[in-house]
Amino acid sequence: MMKEVTLPLVPDDRGVLHAAASDVSGVLRSLGAGWLRAVRAGASELDEETVAALTIELAKLADRIDVECIGHTSREDGR
């Protein structure tokens with residue numbers, strides 16, 4: 001079970017490509033959830049406990065990205 005994901009990339013004024021943090025955190029969450037669904041549906045021979053642990057870690061990373069972005073935005077707004 002393979003899911004295709006496309007991240008929109010936005011160039012800055014120097015031509016460096018960036019992905020929106022919300023897109024990155026969304027991909028991390030959906031990747032883990034997809035692994036877990038595949039294992040529970042029997043479509044993968046991966047160990048469910050290991051996949052669940054990896055899914056939790058991906059969600060934690062996504063949460064950290066979201067929190068950092070909120071903090072960064074808040075500092076820019078002067079809040």
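Principal-axis analysis of the Cα atoms of the chain puts helix 21-40 at an angle of about 0° to the longest axis. Expressed in Å, the radius of gyration and Dmax of the Cα atoms of the chain are 16.0, 50.
Entry note, the chain: relative contact order of 28 percent, from Cα contacts under 8 Å with a spacing of 6+ residues.
Given +1 at the Cβ of Lys and Arg, -1 at the Cβ of Asp and Glu and no other charges, the dipole of the chain around its Cα centre is 120 debye to the nearest 20.
Only helical runs count toward this figure. For the chain, summing -39,500 (n - 2.57) over DSSP H runs of n ≥ 4 and dividing by all residues gives -22500 deg cm²/dmol at 222 nm. Kindly express, to the nearest 10 degrees and within the range 0 to 90, the angle between helix 48-77's C-alpha long axis and the longest C-alpha principal axis of the chain. So the inclination is approximately 10 degrees.
Accessible surface of the chain, 1.4 Å probe: 59 percent of it comes from carbon and sulfur atoms. Between ASP66, ASP12, ASP47, the Gaussian network model of the chain with springs among Cα atoms under 10 angstrom shows the greatest mean-square fluctuation at ASP12. Between GLY34, GLY15, GLY26, the GNM of the chain built on Cα springs shorter than 10 angstrom shows GLY15 fluctuating the most. Take the chain with all the other protein chains still there, run a 1.4 Å probe, and you get 77 Å² of accessible area per residue.
The values are calculated or read from the model by the stated rules, or taken from the named source; none is laboratory data. Nothing here was measured: the structure is a model prediction, and the numbers come from that model. Cβ: placed from backbone, ideal geometry, glycine included. Neighbour counts: every protein chain shown. Quick note on the areas: whole protein, heavy atoms, side chains included, nothing else; ligands and nucleic acids left out. Shrake-Rupley method; radii C 1.70, N 1.55, O 1.52, S 1.80 Å.
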